[in-house]
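Worksheet: one structure, shown below.
The values are calculated or read from the model by the stated rules, or taken from the named source; none is laboratory data. Keep in mind that this is a model prediction, so the values were computed, not measured. Counting neighbours? That spans all protein chains shown, and the Cβs are built from the backbone with ideal geometry, glycine included. For the accessible areas, the whole protein counts, side chains as well, though only heavy atoms, and no ligand, DNA or RNA atoms are used. Shrake-Rupley method; radii C 1.70, N 1.55, O 1.52, S 1.80 Å.
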Amino acid sequence: MMAHNNNGNFSNKLRNDGEEEVKPSCSKTVSKIFPDKIYKSEQPKGVDATGMTCECGVFGAIACGDYPTQLDIAQMICLGLVALQHRGQESAGIVTSIGKSSKNFSVHKGMGMINNLFNDEAIRKLKGNLGIGHTRYSTSAASEVVNCQPFVVHTAHGALAIAHNGELVNCESLRREVLERGVGLSTHSDSELIAQSLCCAPEDVSEHDGPNWPARIRHFMTLAPLSYSLVVMHKDKIYAVRDSYGNRPLCLGKIVPMDAGYANIDDQLAEGWVVSSESCGFLSIGARYVREVEPGEIIELSRNGYRTVDIVERPDYKRMAFCIFEYVYFARSDSMFEGQMVYSARLQCGRQLARESPLEADLVSSVPESGTAAAHGYARESGLPFGEVLCKNRYVGRTFIQPSNRLRQLGVAKKFGALAQNVEGKRIVLIDDSIVRGNTIGPIIKLLRDAGAIEVHIRIASPPLQYPCYMGINIPTREELIANKLNAEQLAEHVGADSLAYLSVEGLIKAVQMNKAHVNPIKAGYCTACLTGEYPGGLPEELSW
């Protein structure tokens, strides 16, 4: 198998192979439930207690050719992070390198949204020909500047920067190993553990000619099976790393000349390379999607192009475990996974839902915007017309104060308005992507009934959430998940719907596979742990802090 570099040559690949608002997180201090034990963190300050929080976004960019480059790398990373803002809104950071010295990096990070953190002055100070960035949504225990990424550590071989999306299953054993070496840790973040783990060379690796970063990364990957996508920067190179289960997404893009058009990507000159959690921001910076980083793959990006330096295989009896909720909600709809656009997978979820749970109605609609693609799919498959019934208020902050019980009970009205002329006298099928705690859909149904709807049928374009996740998604404890208290019929009565039905697990998997590129079955597979309780790496260790 071969890989292109930017000058047209080839380099060898070295192988061995909804309803609730969902917001991002990547801290080890997340809500968990294991047999007979519950580990539960506090809810982030100012966050509505309705949904779940998910992973972060990572981004890296490097210019090709001689330095100094004409590309504004810091600005490109900033724009890339803006495109990933849906994956994290609490803190962000960018680290850049000139590429000629391993002693110093330029760093700017802090709490807040991308556009508030990175003004013109901040961008001007981020000099460099390569860099990495991170956007994050933390839990309350980790909502501090000290935990902002990328992390920068100073090693015997110079500065090392790392940005991490995911959560380490065996965080505790790694933590003990690092502390036993006499290394002090300044945070409880598992991302700092990764940085510290990379600072030491494996015992069986010779480094007489300098640090062997691919070998160090490989050694870490053998110690930590999942879950992570990483961008690691040292001096003049960036390493893009994805765990061997492929649980978290990561993809590669090619920066092309502004007049390149949409010709064959292989025929276009590379001005640089980018790596990102999602491809949705590539076009905004003049980049073109190339491919996903394969599970277990370590890609080295330099001024000469990119090459695969190693692939860490998972056990033969283990399948790939890509988080299926990336398709359901987390990813932006214009991102590409497995050779298909996320929007097309969500459309197929709606079609499959119509096959599994048909009914007679006058109108199909959605809870905007999370259920819109699935609602279009449901409408097309059922032959029912699609129409909007809810208008979303985009200017409502999360910390909205409810001054009275009456207004608190009508709280959904601050977020949505009903399009009465579309609703009155209609039997409505309302589609959403998921139900977590179930405390928002009821007020929405009441809003539609008050606007004149004669029937409201709820259809959910994913299976019921019944189990927590420990791989970077902060799903509420099992006791808080409404699907563990009420079945579909009971929940319909509880929220005031005429009927309620979920997409089946088998239907969800079938839908996301409908349009994806043909791949070797050995390389296919999804993590459905939050739906089925079947965890790809087993249960994690008990937290000791």
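Quick notes
- Looking only at residues in the range 373-396 that are outside any strand (DSSP E or B) and modelled with pLDDT under 95, the one that is nearest to residue 445 (Cα to Cα) is 393.
- Complete set of residues in the range 397-420 that are surrounded by 11 or more Cβ atoms within 10 Å (Cβ to Cβ) and either at pLDDT 90 or above or of a type in the set (A, V, I, L, M, F, W, C) (or both): 400, 407, 410, 412, 413, 416, 417, 418, 419, 420
- Test: residue 294 is acidic (Asp, Glu), within 20 Å of residue 74 (Cα to Cα) and open to solvent by 20 Å² or more (accessible area, probe 1.4 Å): no
- Unique residue being within 18 Å of the chain's Cα centre (by Cα), assigned by the TED database to the domain that holds residue 73 and closer than 12 Å to residue 233 by Cα when the list is 88, 133: 133
- Only one entry of 184, 246 meets the criterion of being outside any helix (DSSP H, G or I) and under 28 Å from residue 289 (Cβ atoms), and that entry is 246.
- Within the range 63-87, considering residues that are out of contact with any Phe, Trp or Tyr (no Cβ under 7 Å at 6 or more places or on another chain) and among the small types (Gly, Ala, Ser), the one farthest from residue 248 (Cα to Cα): 65
- Checked against the criterion of being in contact with a His (Cβ under 9 Å, 6 or more places away or on another chain) and at pLDDT below 95, the candidates 482, 475, 522 yield just one match: 482.
- Complete set of residues in the range 460-472 that are of a type outside the set (S, T, N, Q) and modelled with pLDDT of 90 or more: 460, 461, 463, 464, 465, 467
- Elements of type strands (runs of 3 or more DSSP E) in the range 58-175, at least 2 residues being surrounded by fewer than 22 Cβ atoms within 10 Å (Cβ to Cβ) and modelled with pLDDT under 95: 106-111, 151-155, 158-166
- Qualifying residue in the range 501-515 (condition: among the polar types (S, T, N, Q), open to solvent by 50 Å² or more (accessible area, probe 1.4 Å), in contact with a helix residue (DSSP H, G or I) (Cβ under 6 Å, 6 or more places away or on another chain) and at pLDDT below 95): yes
- Residue within the range 424-446 that is at pLDDT 85 or above, more than 25 Å from residue 484 (Cβ to Cβ) and in a helix (DSSP H, G or I) present: no
- Residues that are surrounded by 16 or more Cβ atoms within 10 Å (Cβ to Cβ) and either modelled with pLDDT of 65 or more or in contact with a helix residue (DSSP H, G or I) (Cβ under 6 Å, 6 or more places away or on another chain) (or both), drawn from the range 525-545: 525, 526, 527, 528, 529, 530, 531, 535, 536, 537, 541
- Pairing residues of the range 244-270 that are closer than 16 Å to residue 301 by Cα with residues that are among the basic types (Lys, Arg) and modelled with pLDDT of 85 or more, at Cβ distances under 6 Å and at least 6 apart in sequence or on separate chains, gives 250/242; 252/291; 254/288; 256/288; 270/254.
Yes or no, residue by residue, for (1) in a loop (DSSP other than H, G, I, E, B); (2) among the acidic types (Asp, Glu):
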{"position": "259", "(1), (2)": "yes, yes"}
{"position": "266", "(1), (2)": "no, yes"}
{"position": "269", "(1), (2)": "yes, no"}
{"position": "274", "(1), (2)": "no, no"}
{"position": "281", "(1), (2)": "yes, no"}
{"position": "295", "(1), (2)": "yes, no"}
{"position": "299", "(1), (2)": "no, no"}
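- Test: residue in the range 345-357 that is open to solvent by 20 Å² or more (accessible area, probe 1.4 Å) and assigned by the TED database to the domain that holds residue 60: no
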